[in-house]
Amino acid sequence: MSGRDTGSSLAGVTTSDTADLQSRLQRTVEAVGASGLDGLLVSPGPDLRYLTGYDAIPLERLTCLVVPASGPVRIVVPALEVAAAMASPIADLGVEVVSWQETQDPYVLTGSLLPGAQRVAVDDHMWAVKVLALRDAMPTALQSPAGPVLQELRMRKSAVEVDSLLRAGEAIDAVHAQVAGFLRTGRTEREVGADIADAILAAGHERVDFVIVASGPNGASPHHELSDRILQAGDTVVVDIGGTMPDGYCSDSTRMYSLGEPPSAVRAEFEALREAQALAVAAVRPGVSCESIDAVARDHLATAGLAEFFIHRTGHGIGLETHEEPYIIEGNSRLLEPGMAFSIEPGVYRAGSHGARIEDIVVCTEDGFVTCNNRPHGLVVVE
């Protein structure tokens, strides 16, 4: 793939998806044992997809991956979902499929796969009704969230995952390349958003996750929802968009647009923001703390007198979820490691007036970084 800005070299993908999944499962088994847990219970969602490649439908019927500290990894599946499970990568991973019939109690069945368990962890996205049913079926087992175990694995992306994020970045870049053509005075944010959503799918995403078209004063709300506000001459427009690719990995990128040249003061603010974002990206390398990257962006905006208008963290991790570890924020002393992927997105928000944000997804490499988004960062003026 071409057109990637890098602060280092990035090794090519040399492992297969199956080998990558097998490695994840093995590292998870080791992590379960090291944490003192007897087992890990994972229901449909990003954690199950991370571990097995199985994008199971979340149903009221229980599907649950059982990862013991020792012994075979198994997955409990409703009988009517066995074919779907076997059509997924699970068939190649050596994971035993344990099916249950409609009249069986799947929670008792799941508990029987971890006999005598004293400590189990349940995935962070498991429905409360399932958590409680498993508690009743395993009364001697103390439950805890699986996040502390799985987040440590998921935040360090493999070469296969990095390649997925690079492809997702290229896809969302292709959408931003079209946005200026959607922005015209007299159109509503909602109309522009519909065009962008269509373009996200056309660019190869499987799902549209969010479309923010925040014009004029709406730009001061970082998570603005599409509205019927009509775009006007002189508006600056924050366009923050993302989707999920067929392999489950997410895109997320923000660029700034203006309907005509903005006032000089707004232009100056934008240039300070652009510099802050570029400096923060350039600071990414192994051994640098998450909070120090946040400080780079924040301190530069402070020198421009804009610190009070930067009201959120500098970034969030990304992968099978748009928001995951690590978070680029003051107070997070975690040191960056190769494979960690996250956004760099400082912003300036003036309530009642306007807002601005620039966002790229960045991956820490062995000796620097690679960016997943490579559209120009300058303010795009639409005449």
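Observations
- Tensor-based shape of segment 61-133 (alpha-carbon gyration tensor, a/c under 1.5 rounded, otherwise prolate or oblate): oblate
- Cβ-based net charge around Pro78, under 9 Å, with every Lys or Arg adding one and every Asp or Glu removing one: -1
- Estimated at 0.36 nm per residue, the fully extended path between Ser353 and Ser289 surpasses their Cα-Cα distance by 19.6 nm.
- Label-to-label distance for Gln232 and Glu152 is 5.4 nm, based on points extended 7 Å past Cα in the beta-carbon direction.
- Put the Cα centre of segment 352-383 next to the Cα centre of segment 274-305 and the gap is 13 Å.
- Shape of segment 119-260, Cα gyration tensor, a/c cut at 1.5: prolate
- Distant-in-sequence amide H partners of Thr188 (H built 1.01 Å from N, under 5 Å): Leu231
- Nearest-0.05 FRET efficiency for Glu102 and Ala307, computed from C-beta distance (R0 45 Å): 0.15
- Applying the Karplus relation 6.51 cos²θ - 1.76 cosθ + 1.60 with θ = phi - 60° to segment 43-51 yields 3J(HN,Hα) values of 9, x, x, x, 5, 5, 5, 4, 7 Hz, where x marks Gly and Pro.
- By the combined test of axial Cα extent (at least 18 Å) and Kyte-Doolittle hydropathy (mean at least -1.0), the qualifying DSSP H helices of the chain come to 17-34, 159-182, 189-202, 264-282, 290-303.
- Label assignment, log10 I(q)/I(0) by the Debye sum over Cα atoms at q = 0.10 Å⁻¹ derived from the structure, set [x] -0.77; [y] -0.70; [z] -0.62: [y]
- FRET efficiency, 1/(1 + (r/R0)^6) with R0 22 Å, evaluated for Ile57 and Gln143 via beta carbons: 0.35
- Overall, the anisotropy analysis places segment 204-330 in the oblate class: the square-rooted eigenvalues a ≥ b ≥ c of its C-alpha gyration tensor yield a/c not less than 1.5, with a/b not exceeding b/c.
- Taking Asp209, Asp47, Asp294 in turn, the Gaussian network model of the chain (Cα-Cα springs below 10 Å) assigns the largest fluctuation to Asp209.
- Stokes-Einstein D in µm²/s, Kirkwood radius over Cα pairs - segment 25-87 at 20 °C with 1.002 mPa s viscosity: 177
- Thr18 paired with Ala159, simple spin-label distance in nm, labels 7 Å along Cα-to-beta-carbon: 1.8
- Max mean-square fluctuation residue, GNM over the chain, Cα-Cα springs under 10 Å, options Ile318, Ile230, Ile293: Ile230
- Estimated purely from DSSP H runs of n ≥ 4, each contributing -39500 (n - 2.57), the mean residue ellipticity at 222 nm for the chain is -10500 deg cm²/dmol once divided by its residues.
- Residues considered: Leu320, Leu226, Leu59. Largest GNM mean-square fluctuation over the chain, using C-alpha springs under 10 Å, is found at Leu59.
Values in this text are rule-based calculations from the coordinates and carry no lab data. Worth saying up front: this structure is predicted, and the values here are computed from it rather than measured. No Cβ is skipped: glycine too gets one built from the backbone with ideal geometry, and neighbour counts run over all protein chains shown.
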